[in-house]
Amino acid sequence: SAMRDSRIKRTKTVCTYCGVGCSFEVWTKGRKILKIEPQHEAPVNQISTCVKGKFGWDFINSEERLTKPLIRKGDKFVEATWDEALDLIHEKLGGIKDTYGPDSIGYIASSKCSNEENFIFQKFARAVMGTNNIDNCSRYCQSPATSGLMRTVGIGGDAGTVKDIANAGLVIVIGANPAESHPVLATRIKRAHKLRGQKLMVIDLRKHELGERADLFIRPKPGTDLVWLSAVTKYILDQGWHDEKFILARVNGFEQYVASLEKFTLDYAVEKTGMTREQLIQIATMIHEADGVCILWAMGVTQHSMGTDTSTAIANLLLVTGNFGRPNAGAYPLRGHNNVQGACDFGTMPAWMPGYESVEDEKVRAKYEKAWGVTLSPKPGLNNHQMIEGVTNGKLKALYLFGEEMSLVDSNSNHVESVFEKLDFFVVQDIFFSRTARYADVVLPAAPSLEKEGTFTNTERRIQRFYQALKPLGDSKPDWQIIQLVANRFGANWKYEHPSDIMAEAATLANIFAGVSYERLVDWNSLVWPVEADGTDTPLLYTERFAFPDGRARLYPLEEHEPMFKPNEEYDLHLNNGRLLEHFHEGNMTYRSQGITHKVPREWLEVSPELARERGIESGALVRLTSPYGHVKVRVQVTDTVRGKELYLTMNSRDAESAINRLTSSYHDKVTHTPNYKEMSVKMEILEKN
Ligand code: SF4
């Protein structure tokens, strides 16, 4: 009617924050965001959202948005036209490629950007620039989980969906804090626990919200998850509680695996982990008695020097107990970013083409070479950790990075920033002038999700479309358009008119996306990969086969290693870290959202009551933490969520000088090179007592 304001636009979007993948309508009037309205049709969240999805959108209209390309002139940046910026990139990157070869340039993709943007970025790196030196931030988080699952069941993704988690008999959460990191998923668990009597077990250093609610909550000693997982599995086998039928029919390597567990007796686990015998037996018993076990894990498992092996131990335990290939069971590594799953799926990884097909496989390359009319490098590229090393040893000369605050999120950030200074040429593409952008030679202004179309893939492997609510601000452009402009400067002659063209191409090339199309994803529709050509999707994996040629899963024997860092006389405290509900990572978006920043203005350090008493400090005290790699100044919160000499620093720092990664090291998981962010020892000096 005439009384209704027809200028209000309602647009379906997908949350730009975490991997749960909530979708909702955003109501806009001009550039003003009026509200976020969840809808029953939303496949993951229905009418739920969390504080970030609901209030975390002010950054869109921040005065700090980049609206023009910038070019470095000495110590300053000056505004430039798109032509000037693109010419410079062509000249410099082209020159470096000609002089030092294609492998002298590295490409860092974005888990905040769409599947289509990640797809054409890897195509640019591989087909246009001739290298597999491409990676994304899953190297900092979930690569160990992916590798652990690839070893055992063959697919690096969640076994089922949020519905399976909600319907499981027992949910085990290890090294993850869903109430803050994956809030809407946590509400599903809380509801099932309260209303349906679902059993909940939490194993974590920190007694977080789900830990408080759990039927069984245990704090092991830091870095000992592999030991208790192996001991519990051995105990289950010794009791004859394993699923013999399932193992016979569907799993290889049983004998060897059982032999490898010999050392992991309960006594050994008690000594190593600090858990009691009774606790270990209780874990095994709850698993044995449950109808359907889902194990959820995140950075508390993966960001260790044993991250891949511990993830493998989780998969082993689930295989032995027959908790794969049926509803309400399986492995659920919780994806961090809204599209970290998609960035990996669509091939921004150094050893994998889209859909996890190896770059070393001649047949795979031949398929792409034919489609793209190029010759592809058969050599796996550098991951982002190796790229930093590559700059140090002079092999890598340039980087092109988009939508990634690498200078704060990579570990040992003082070192990373010093490495950026050594680059001959650095392209940074972002929506803000990030900390990383300070080291750039060219900065390209990109558009966030509300200003473009595309698809994101959530932690369940679910692909969902988001639509354009607003025009790109100023001269900023969607990342896929920018990448296409850059590629065409190098003679690519791409003619993508819409992200759907890019998805159509990915669907013809990567088997797991065969039936994915924008038509099938219209509005609230979604598809969970693998998707067959006829559009049949796969919410539950492994019902008939595991993803290996013989269709059988593989039990994987493991060896235990000591953590890289243990407290010693000088660095006497263990430092853990993690997310806050309100903020997201380095806070480039959430600190620019008023409601959120008002509520939680900065990071803090959790100190146990015992330690606070010993050092004579109270909440509000100002302390300096020092590691061998750097130091930070932070305010203390005394709380029994942590115990003894274990500290916890929220990782979302507004002030780059208090960022957790000033303290972390360059040590990493051996298999994936994921930094061991969670293995850190520090000393604490008191600057103000309260
Ligand atoms: Fe967004 Fe995750 Fe919150 Fe959902 S739970 S609204 S996806 S941040």
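Bear in mind that the values in this text are calculations on the coordinates, not laboratory data. These figures come from a predicted structure and were not determined experimentally. Please note: Cβ atoms are built from the backbone with ideal geometry, for glycine as well, and neighbour counts cover all protein chains shown.
First check a/c for segment 143-333, with a ≥ b ≥ c the square roots of the eigenvalues of its C-alpha gyration tensor; if it is under 1.5, answer rounded, and if not, answer prolate when a/b is larger than b/c or oblate otherwise. Show your work: numbers first, answer last.
Details: a/c = 1.37, a/b = 1.19, b/c = 1.15.
In terms of gyration-tensor shape, rounded.
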*When the Karplus curve 6.51 cos²θ - 1.76 cosθ + 1.60 is applied with θ = phi - 60°, which whole-Hz ³J(HN,Hα) does each residue of segment 168-182 get, with x for Gly and Pro?*
5, x, 9, 10, 10, 10, 10, x, 8, 10, x, 4, 9, 8, 9
_Net charge of Cβ neighbours under 13 Å - reference L280; Lys, Arg +1; Asp, Glu -1_ = -2
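Tally the DSSP beta bridges in the chain and give the antiparallel ones as a percent, rounded to 5.
Counting DSSP beta bridges with both partners in the chain, the antiparallel share is about 50 percent.
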*Report the full-extension gain for the segment R545 to Q39: residue separation times 0.36 nm, less the Cα-Cα distance, to one decimal in nm.*
178.6 nm
*With a Förster radius of 35 Å, plug the Cβ-Cβ distance of T11 and R196 into 1/(1 + (r/R0)^6) and report the FRET value to the nearest 0.05.*
0.50
*Using only the Cα atoms of the chain, each taken as one equal point scatterer with no solvent, compute I(q) by the Debye sum, divide by I(0), and report log10 of the ratio at q = 0.05, 0.07, 0.08, 0.09 Å⁻¹.*
-0.22, -0.44, -0.58, -0.75
*Let a ≥ b ≥ c be the square roots of the eigenvalues of the Cα gyration tensor of segment 9-61; is it rounded (a/c under 1.5), or, if not, prolate (a/b larger than b/c) or oblate?*
oblate
*Could you work out how far apart the two model spin labels at R615 and V374 are, taking each label as a point 7 Å from the Cα in the direction of the beta carbon, and quote it in nm?*
5.1
*Would you mind counting up the charge near E688? Only other residues with Cβ under 13 Å from its Cβ, with Lys and Arg at +1 and Asp and Glu at -1.*
+3
*Mind listing the phi-derived Karplus ³J(HN,Hα) values for segment 317-330, rounded to whole Hz, using 6.51, -1.76 and 1.60 with θ = phi - 60°, and x for any glycine or proline?*
4, 5, 5, 4, 9, x, 9, 10, x, 9, x, 6, 8, x
*asked:* Just to confirm my numbers, what's the Cα centroid distance between segment 332-352 and segment 371-450 in Å?
replied: 17
*Near L649, within a Cβ-to-Cβ distance under 12 Å, what is the net charge of the other residues, with Lys and Arg +1 and Asp and Glu -1?*
+4
*Place a +1 charge on the Cβ of each Lys and Arg in the chain and a -1 charge on the Cβ of each Asp and Glu, then give the dipole magnitude about the Cα centre in debye, rounded to the nearest 20.*
1440
*For segment 299-373, what class follows from the C-alpha gyration tensor (a ≥ b ≥ c being the square roots of its eigenvalues): rounded when a/c is under 1.5, otherwise prolate if a/b is larger than b/c, else oblate?*
prolate
*Whole-Hz couplings from phi, Karplus 6.51/-1.76/1.60, listed for segment 465-480; x for Gly and Pro*: 8, 10, 10, 7, 9, 10, 6, x, 6, x, 8, 5, 9, x, 4, 5
*Fewest to most neighbouring Cβ within 10 Å: what's the order for F77, F548, F456, F324?*
F548, F77, F324, F456
_Size-normalised alpha-carbon gyration radius of segment 137-245, reference 2.2 N^0.38 Å_ = 1.15
